Each structure stands twice: as C-alpha cells, then as structure tokens.
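The values are calculated or read from the model by the stated rules, or taken from the named source; none is laboratory data. Keep in mind the model is a prediction, meaning the values are calculated, not measured. Counting neighbours? That spans all protein chains shown, and the Cβs are built from the backbone with ideal geometry, glycine included.
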Amino acid sequence: KPEDKYVEDELERGNYEQKRWEEDHLHAATLKFGAKDAKTKNKVKEYDVIMDEEIEFVQTLKMPGVGKNKEKDEMMDSSKLKKMSLEETRKLLPIYPFKQDLIDAIAEHQVLIIEGETGSGKTTQIPQYLHDAGYTKNGMKIGCTQPRRVAAMSVAARVSQEMGWKLGNEVGYSIRFEDCTSERTILKYMTDGMLLREFLSEPDLGGYSILIIDEAHERTLHTDVLFGLVKDIARFRPDLKLLISSATLDAQKFSEFFDDAPIFRIPGRRFPVHVYYTKAPEADYIDAAVVSVLQIHVTQPIGDILVFLTGQEEIETAQEMLLERTRKLGSKIKELVILPIYSTLPSDQQAKIFEPAPPGGRKVILATNIAETSLTIDGIIYVIDPGFCKQKSYNAKTGMESLQVTPISKASANQRAGRAGRVAAGKCFRLYTAWAYKNELEENTIPEIQRTNLGNVVLLLKSLGINDLINFDFMDPPPHETLVLALEQLYALGALNHRGELTKLGRRMAEYPVDPMMSKMIIAAEQYKCSKEIITIAAMLSVNNAIFYRPKDKIVHADTARQNFFRPGGDHLTLLNVYTQWEETDYSTQWCYENFIQHRSMKRARDVRDQLESLLERTEIEVTSDVGNTVAIRKAITSGYFYHTVRLSKGGQYKTVKHQQTVMIHPNSSLFEEHPRWIIYFELVFTTKEFMRQVIEIENSWLMEVAPHYYKARELDDGAIKKMPKRIGKSKNDLTRTY
Ligand code: CDP
Ligand code: MG
C-alpha cells in the first residue's frame with residue numbers, strides 16, 4: 001500500500017539522519033573529553049566553534065539524586081512528573097536553598113539584581129518568599145512584571161496553585177484588556193506595559209512594597225522605559241524594594257545602570273547540551289523541523305521535544321503536518337502529543353503544555369519565543385531551533401514599522417539550547433549550519449527601544465509630566481531620529497502642541513491602552529457620530545488575524561464564507577460586519593462554527609470592546625451609531641491612520657504618499673482585486689514583500705479635512721493615474737449606493 005511505502009520512507013530517512021547526527025555527536029563527545037588521537041583531532045577541527053560554546057552548558061550544581069541513571073531517566077520522563085507533590089517540586093528548585101540569603105539581601109539593599117538560569121524558580125518563587133517574609137503586610141502588593149501576556153497568566157496560575165489560592169484573589173494577573181485581580185490581590189503578575197500604565201493613576205506606585213522587573217534581559221520597550229521610571233521613584237520612596245531579575249545575561253549592565261546595585265546570583269543547574277548543526281542550510285525550516293521531530297521520536301530515547309517557531313501560523317502549519325504524518329505512521333510509533341503555545345492561545349489550552357506526556361509516549365511543544373526564557377516546561381530533552389523569530393523592525397526615516405521573520409541572535413540561540421539541559425543532558429538540533437551560527441548571527445538581540453515606533457511611550461511619558469525625553473534616563477537611548485519622529489507624529493495627530501506639550505486631546509488619547517493612531521481614531525469617532533462602530537472595529541483589529549478560520553481540508557468553503565462577509569469600502573468594514581452579525585445571533589458559538597469564524601477570538605474582541613466602551617464613558621464620549629454611513633466611519637479611521645496613506649501609482653503598484661515606498665495589498669484583503677486609488681492600511685507585514693494588512697479605500701479630499709497640517713494639497717494631487725477597472729459585481733453597486 002502507498003501508506004506503507006510512506007512509513008518506510010519516513011523511518012528510513014529517520015535512520016539515515018540519525019546516523020548523520022550520531023556522527024556529529026561523536027565529534028562532540030571527543031572534544032569534550034579530549035581528542036584521543038590525531039585522526040579524530042583532525043575531524044574535530046571544524047567543530048571548534050561548536051565546542052567553545054558547548055563548554056558553557058555544563059552542570060554547575062549537582063542535583064539531588066541525579067547521576068544515577070535510573071533516577072535520571074525518571075527525571076527525563078515527564079509522564080513520571082505527576083508523582084511529586086507541588087511542595088516537593090518547589091523544594092527541588094535551584095533557588096530553594098537560597099531563600100533566606102535572598103530575603104536577607106533584599107532587607108539590606110534597596111535595589112538588587114537577581115541573575116539565575118531559566119527555570120531556577122525566580123518568577124514563581126521569589127514573590128512567595130517575599131510574602132512569607134512579610135512584605136505583603138497591610139495590604140501592600142508585590143508586583144512582578146513579565147514582557148509576555150502568556151507568561152503573566154500562566155505564572156500567576158501556577159503560583160496560585162502552589163499557594164492553594166484561587167486565581168484572581170490573592171494572586172492575580174493583569175494584562176491589557178484583561179484584569180484578573182481583586183481588592184485582595186497581594187501578589188500581582190502583570191505585563192510590563194500594564195505597570196507602565198499604572199504610573200498614570202498612581203505615579204509613586206504607593207500600593208507596592210516590592211517591584212520585580214522580571215525577564216529584564218528581554219529588553220522590551222516597556223521594560224526599558226520602566227527601568228528609568230522605577231529607578232526614579234526608588235529615590236524618593238526609600239521603603240520601596242526593587243528587584244531586577246534576568247536570565248544569565250547582562251546582569252553587569254543592569255547593575256551599572258542601577259548605581260552599582262549588588263548582583264545576587266542563583267547558581268544554575270545545567271546539564272551538558274550537545275549542539276548539532278545541519279551540514280547545509282535548510283530551504284524549508286518548518287518541514288525540516290517536522291522531519292526532525294519524527295526522527296527524534298522514532299530514534300531517540302525518552303524525553304520531550306521543544307520546537308521554536310516564529311508565530312501562530314507556522315505553529316499551526318507544523319501541527320497539521322505532524323498530525324498528518326503521525327496518523328499515517330499509526331501504531332508503528334509511540335504516542336506523540338502535539339501541543340502548541342503562543343501568546344493568543346486561550347489559557348485552558350496553554351495549561352496543557354505543563355501536563356506530563358502519556359506513559360511511554362512523548363510530547364512535542366511547538367512554541368514561539370515565549371518558551372525561550374519566559375516559560376519553563378519540565379522534561380524537555382530535545383530542542384529544535386530553526387534559528388528565526390518574528391521581530392518588529394522600524395525605519396525611522398519613513399516611519400514604517402513592520403513585523404518580520406528575522407534570524408535570532410547568538411544569545412538567543414544559546415538560551416534556546418539551554419532549554420534542553422534542565423533535567424538531564426540534552427540535545428539541541430540547530431536547523432542551520434555552524435558557519436551561519438558563527439558568521440551570520442548577531443551577538444545580542446537589539447533592544448526593542450531601538451527598533452520600534454515610540455509614539456505610544458512618548459505619549460505616556462508626556463502624560464506623566466516627563467517633558468525632556470532627550471535626557472530621560474534610558475539604559476540604551478533610542479535613536480534620536482526615532483524620538484523626533486514620534487514627537488512629530490504626535491503633533492500631527494494633535495496630541496502635542498507646537499511646543500511639544502500635551503494637549504487636551506493628547507491627555508484623552510493617553511487614557512486608552514492602545515497606539516496613538518487608534519486612540520485618535522476612537523476619539524475622532526465622536527465628531528463623525530459613529531463611536532459604536534469604531535470601537536467595534538478597534539476591538540476587532542486588536543485580535544488581529546485570528547478572526548477567520550481556514551482549515552486546510554476546507555479552504556474553499558472557508559474562503560467563500562469569508563468573502564461573504566466582505567463589505568465595500570474595505571476590510572475594517574468587513575470586520576465590523578462580522579461582529580455585527582455575530583452580535584445579532586446573540587454571540588452564538590454555532591454561528592461562528594458555521595461561518596468559519598474563530599469563536600474565541602470573537603469572545604476576546606467582545607471583551608476588548610466592552611472595555612473600550614467603558615473608556616468612552618470615562619473620556620466623556622457619547623456612544624453614537626451610524627452603521628450605514630461608511631463614509632463617516634472611514635473618515636474617523638482616516639483621522640487616526642492618515643499616516644498610513646498609500647496611493648495607486650503606475651503599473652498597479654501602491655506607494656506610500658510621504659516616502660514613495662512600494663507596498664502591496666495582502667491577498668486576503670477584500671480590496672485585493674479592486675484597485676482603489678487611495679488606501680489606508682492598518683499594519684504592514686513583511687513576508688516575501690511588504691504587505692498591507694487590513695486596508696480601506698478613502699478619498700484624498702478626506703486627508704485635507706482630517707490632517708490639513710500634515711498633507712499638502714500638492715502631495716495629494718491625483719495626477720493622471722486612472723483607476724484600474726474594477727470587477728463588476730455586487731460590491732460595485734453597493735459602493736455607489738453608500739457613496
Ligand atoms: O523564573 P525562572 O525561569 O527562574 O523559573 P520559574 O518560572 O519560576 O519556574 C520554576 C518552575 O516552576 C519550573 O521549573 C516549572 O516546573 C514550574 N512552573 C510550572 O510548572 N508552570 C508554570 N506556569 C510556571 C512554572
Ligand atoms: Mg522567569
């Protein structure tokens with residue numbers, strides 16, 4: 001049968017590949033224990049680089065019981081993990097023996113840098129230790145920031161479980177548009193962005209006795225801004241303790257920034273990790289990752305697998321491929337549990353990654369960068385690292401920001417490899433060559449503050465009364481032109497006056513936990529009498545790209561369903577239409593299912609929308625509706641996003657108005673086959689080309705109406721470009737009607 005043939009091929013390929021790996025393994029082993037003879041020595045040479053960093057992955061602290069093989073095997077086998085009680089596992093964490101030392105050090109110093117291997121217990125244990133030490137007396141809170149939403153949620157869940165409390169009571173979390181805390185909350189996990197916003201309502205953060213800026217090494221934009229702010233409040237709040245905690249990177253730098261604060265090092269526990277490289281570059285790293293997973297599963301001893309991919313789409317693709325192939329292999333292989341983890345995954349599904357593999361089986365976790373340092377999953381022995389992550393990049397000249405799949409840094413690659421050596425010796429399979437590692441990867445990831453739009457942060461700092469941004473205490477300052485551009489953009493939006501001071505509009509905009517363009521759009525909706533529609537659109541845009549469901553076996557049906565939602569004018573109106581129809585079914589799950597809409601994304605959009613609605617009230621904007629008036633709706637959008645205007649130019653290409661950059665309409669857009677002359681886009685993604693995602697058609701005259709101080713009539717001249725012929729159909733008639 002063809003199926004059997006497939007199975008054979010797959011297994012055979014597995015064996016072959018294993019041989020290749022084993023060969024490399026031999027080299028690794030030789031150098032590790034000293035090359036014995038000239039022959040191997042020669043062979044080893046080309047791996048010198050590999051070895052150098054492998055030396056880093058040695059065990060620095062003996063773990064109780066490990067060393068005897070039987071117990072080691074048990075540690076590796078995540079199906080055995082359940083047997084230990086929570087209390088017992090807590091005591092096994094590397095941080096546990098240092099509990100008292102840590103408490104003493106914190107008592108003695110106001111600011112402390114804490115450095116420890118990922119998984120040593122920093123995030124989950126330190127707040128509990130400090131609670132035991134009395135820092136939560138009189139209702140004072142311990143706050144702990146996380147760069148990622150998923151980490152904040154899952155760590156809070158874990159801690160509440162360890163303490164035997166219900167999540168949301170004493171232990172809670174707060175992430176954008178989701179507040180799972182109460183009056184009683186004393187241990188509060190939150191995203192760094194949320195703590196930043198807390199400064200707006202409580203500038204001295206008086207409710208906190210301790211602030212932990214966790215995962216500091218990630219150097220997200222918000223964490224970097226927090227550094228400057230908390231350093232400042234620590235000066236006039238001597239009672240406040242400040243902990244800066246990071247994986248084993250940059251501790252020295254943090255110490256220097258915080259006036260030479262002492263570093264508390266938690267000795268790590270790392271087992272050797274053997275790093276393997278492919279001999280040649282991989283053309284398709286998702287396929288290579290899938291093949292590697294199957295090979296490990298078929299040929300390697302027990303232990304779970306962690307695969308690093310760049311985002312939800314890739315993860316879903318890999319998941320489908322793995323499901324399909326394991327199904328074909330059937331009972332010929334042991335059970336393989338496939339578990340995805342990424343930031344927008346609902347929390348009940350996130351929790352699954354922590355469940356042990358079934359007895360005798362193995363789990364494979366398909367993760368984004370979240371698993372690099374923010375989340376520790378026990379039982380991982382094998383790491384597959386394709387070498388990429390999704391990163392924001394920003395061009396300060398054109399003001400264009402886009403998400404791109406980018407090669408990771410060496411520091412990242414080593415963190416990833418380290419994930420394999422937590423419970424026993426592990427293996428890391430890099431799907432790139434040793435040469436690429438050495439010559440193509442940067443040493444460190446560039447801090448986000450140096451590659452992103454700063455509009456949001458500048459608006460926030462201005463709202464906090466910090467006017468002199470050039471001299472703000474940044475650990476690594478952003479490029480001057482990025483700062484200037486942010487100020488210019490805020491001025492164009494009307495949030496700042498010509499002296500760079502916050503305007504009344506700017507103050508209102510800062511109330512919204514969204515980008516300045518979006519908050520401006522929302523506030524502008526007041527004038528166009530369509531705030532109800534605009535907050536729906538804003539909410540739908542906030543759950544970006546997770547609305548339409550497109551299963552591989554029903555692509556045609558799914559696409560037809562999606563196209564039925566199209567509305568003339570563009571994608572924002574399509575999103576509005578989806579939400580309105582769903583609302584009319586009384587938020588039916590069945591309706592979502594029938595229309596290939598992701599119900600959980602819709603639920604999230606509804607939550608976001610509810611919160612935006614209460615913010616409308618707070619900023620005294622009347623909820624008005626004018627659903628049929630798509631001109632009004634699109635004018636409101638234009639008021640916020642006029643920066644993102646592009647124009648059709650010769651040859652059917654689109655170019656940005658200000659900088660003449662070429663961009664394309666995303667094929668999923670309802671306007672893909674129409675060719676409107678003027679377009680506003682919501683965001684750019686760079687895949688093979690620079691694509692605009694979520695676009696609407698506008699009229700150039702609107703730009704003069706909403707941003708007269710930004711555009712000059714000359715720039716908006718329509719010239720001789722003729723509109724491309726449109727497809728004739730229902731949409732065209734609708735268009736003429738709504739105009
Ligand atoms: O912060 P750090 O990387 O030092 O470690 P941690 O996040 O406190 O994790 C310590 C241990 O808690 C991990 O080894 C996991 O076993 C466990 N943990 C968990 O089971 N579930 C979570 N959501 C988070 C941590
Ligand atoms: Mg942590």
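Give me a count of the residues in the stretch 368-391 that are away from ligand 1 (no atom under 13 Å from the Cβ) and of a type outside the set (Ser, Thr, Tyr).
Qualifying residue count for the region: 11.
Are any residues in the stretch 232-282 in a helix (DSSP H, G or I), of a type in the set (D, E, K, R) and either under 26 Å from the mean Cα position of the chain (by Cα) or crowded, with 20+ Cβ neighbours inside 10 Å (or both), and if so, which ones?
LYS253
For the stretch 566-600, how many residues are in a loop (DSSP other than H, G, I, E, B), on the phi < 0 side of the Ramachandran plot and not polar (S, T, N, Q)?
Selection size over the stretch 566-600: 3.
Just checking, does the stretch 680-687 include any residue being surrounded by fewer than 21 Cβ atoms within 10 Å (Cβ to Cβ) and in a helix (DSSP H, G or I)?
Within the stretch 680-687 (the criterion being surrounded by fewer than 21 Cβ atoms within 10 Å (Cβ to Cβ) and in a helix (DSSP H, G or I)), the answer is no, since none of the residues qualifies.
Residues to consider are GLU683, GLU715, GLU699; find the one that is modelled with pLDDT of 90 or more and more than 33 Å from the chain's Cα centre (by Cα).
GLU699
Is there a residue in the stretch 373-391 that is closer than 22 Å to VAL337 by Cβ, touching a strand residue (DSSP E or B) at 6+ places or on another chain (Cβ under 7 Å), within 16 Å of ligand 2 (Cβ to nearest atom) and among the hydroxyl-bearing types (Ser, Thr, Tyr)?
Taking every residue of the stretch 373-391 in turn, at least one turns out to be closer than 22 Å to VAL337 by Cβ, touching a strand residue (DSSP E or B) at 6+ places or on another chain (Cβ under 7 Å), within 16 Å of ligand 2 (Cβ to nearest atom) and among the hydroxyl-bearing types (Ser, Thr, Tyr).
What number of residues within the stretch 442-477 satisfy the criterion of being buried (at least 18 other Cβ atoms within 10 Å of the Cβ), of a type outside the set (Val, Ile, Thr), touching a Lys or Arg at 6+ places or on another chain (Cβ under 9 Å) and not in a helix (DSSP H, G or I)?
Total satisfying the criteria: 5.
When you go through ILE95, ILE114, ILE126, ILE106 one by one, which is the residue that is surrounded by 21 or more Cβ atoms within 10 Å (Cβ to Cβ), away from ligand 2 (no atom under 15 Å from the Cβ) and in contact (Cβ under 8 Å) with a residue 60 or more places away in the chain?
Among ILE95, ILE114, ILE126, ILE106, only ILE106 is surrounded by 21 or more Cβ atoms within 10 Å (Cβ to Cβ), away from ligand 2 (no atom under 15 Å from the Cβ) and in contact (Cβ under 8 Å) with a residue 60 or more places away in the chain.
Only residues that are surrounded by 21 or more Cβ atoms within 10 Å (Cβ to Cβ) and at positive phi: list them for the stretch 629-676, please.
none
Would you mention how many residues in the stretch 605-628 are outside any helix (DSSP H, G or I) and farther than 24 Å from ILE547 by Cα?
6
Among SER625, SER614, which is the only one that is polar (S, T, N, Q) and touching a residue at least 24 places away in the same chain (Cβ under 8 Å)?
SER625
Identify all residues within the stretch 412-441 that are among the aromatic types (Phe, Trp, Tyr) and in a loop (DSSP other than H, G, I, E, B); write none if there are none.
Within the stretch 412-441, just TYR432 meets the criteria.
So for the stretch 283-304 (the condition being assigned to a loop (DSSP other than H, G, I, E, B), surrounded by fewer than 21 Cβ atoms within 10 Å (Cβ to Cβ), of a type in the set (A, V, I, L, M) and free of Cβ contacts under 8 Å to residues at least 40 places away in the same chain), does at least one residue qualify?
yes
Return the pairs, sorted by first residue and then second, in which the second residue is among the acidic types (Asp, Glu), the first residue lies in the stretch 239-261 and is within 16 Å of ligand 2 (Cβ to nearest atom), the beta carbons are less than 7 Å apart, and the residues are 6+ apart or on different chains.
Sorted first by the residue in the stretch 239-261, then by its partner, the pairs are SER245/ASP214; SER246/GLU115; SER246/GLU215; ALA247/GLU117; THR248/GLU115; THR248/GLU117; ALA251/GLU115.
With respect to SER542, is the statement that it is surrounded by 16 or more Cβ atoms within 10 Å (Cβ to Cβ), touching a helix residue (DSSP H, G or I) at 6+ places or on another chain (Cβ under 7 Å) and at pLDDT 95 or above true?
Answer is no for this residue.
Which residues, taken from the stretch 206-231, are more than 24 Å from the chain's Cα centre (by Cα) and surrounded by fewer than 20 Cβ atoms within 10 Å (Cβ to Cβ)?
Scanning the stretch 206-231 gives GLY206, GLY207, LYS231.
Can you work out which of the residues in the stretch 510-535 that are assigned to a helix (DSSP H, G or I) and within 24 Å of the chain's Cα centre (by Cα) is nearest to GLY465 (Cα to Cα)?
Looking at residues that are assigned to a helix (DSSP H, G or I) and within 24 Å of the chain's Cα centre (by Cα), I get ALA510.
Within the stretch 124-155, restricting attention to residues that are within 18 Å of the chain's Cα centre (by Cα), within 11 Å of ligand 1 (Cβ to nearest atom) and assigned to a helix (DSSP H, G or I), which residue is nearest to GLU88 (Cα to Cα)?
Among them, the one singled out is VAL155.
Write out, first by first residue and then by second, each pair whose Cβ atoms fall under 6 Å of each other, whose residues are 6+ apart or on separate chains, and whose first residue, in the stretch 142-165, is free of Cβ contacts under 8 Å to residues at least 60 places away in the same chain and polar (S, T, N, Q) while the second is away from ligand 2 (no atom under 11 Å from the Cβ) and assigned to a strand (DSSP E or B).
Once the first residue is free of Cβ contacts under 8 Å to residues at least 60 places away in the same chain and polar (S, T, N, Q) and sits in the stretch 142-165, its partners that are away from ligand 2 (no atom under 11 Å from the Cβ) and assigned to a strand (DSSP E or B) give SER160/VAL171.
Can you pull out every residue in the stretch 85-118 that is touching a helix residue (DSSP H, G or I) at 6+ places or on another chain (Cβ under 8 Å), part of a loop (DSSP other than H, G, I, E, B) and either away from ligand 1 (no atom under 13 Å from the Cβ) or modelled with pLDDT under 90 (or both)?
Within the stretch 85-118, GLN110, GLU117, THR118 meet the criteria.
Answer with yes or no whether PHE254 is over 13 Å from ILE114 (Cβ atoms) and within 16 Å of ligand 1 (Cβ to nearest atom).
No: the conditions fail for PHE254.
Go through the stretch 156-174 residue by residue and tally those that are in a loop (DSSP other than H, G, I, E, B) and within 13 Å of ligand 1 (Cβ to nearest atom).
The number of residues fulfilling the criteria is 1.
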